[in-house]
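The values are calculated or read from the model by the stated rules, or taken from the named source; none is laboratory data. Predicted, not measured: the structure shown is a model, and the values here were computed from it. All Cβ positions, even for glycine, are placed from backbone atoms using ideal geometry, and neighbour counts span all protein chains on display.
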């Protein structure tokens, strides 16, 4: 019975996601080691409308603060910094991925373990919002995660955090 309720809820949530101007696919939150206070959410955002739409904010039950971020090469150094919006062109898409655009979860309120879900609400410039359950996934460590975990307090390896909140 619980499985049936869960399936019905998933169908309703999917229908709600696609009734919006912006649909969300392949969403997940990165699992991080227990001592890391921050994580990130990644996804594909597709705009089915005739008007450009921006992702302008987000909230989550898993973090004290949620910000929109990008990685940028500034004078030969990769920097992660907060941005005010993520543009999604009319009939176009925006890809949020490691090393690029992402939703930063700062000040995690709990440990994020693979297989769990994180509630994430995305707010768009057209007044719409989408609330979804993002699965926590283990992601290959890669160079950036190695840099972050080896970084001194307040630093993100060779990246300089725009808000000063990364790695604290």
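Overview of values
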item	result
Residue in the stretch 11-25 that is within 21 Å of residue 102 (Cβ to Cβ), part of a helix (DSSP H, G or I) and at pLDDT below 95 present	yes
Test: residue 152 is at negative phi, out of contact with any helix residue (DSSP H, G or I) (no Cβ under 9 Å at 6 or more places or on another chain), surrounded by fewer than 18 Cβ atoms within 10 Å (Cβ to Cβ) and modelled with pLDDT of 95 or more	no
Subset of the stretch 65-91 (residues that are within 19 Å of residue 21 (Cα to Cα) and surrounded by 14 or more Cβ atoms within 10 Å (Cβ to Cβ))	86, 87, 88
Whichever residue in the stretch 95-120 is part of a strand (DSSP E or B) and more than 10 Å from the chain's Cα centre (by Cα) and, among such residues, is farthest from residue 59 (Cα to Cα)	95
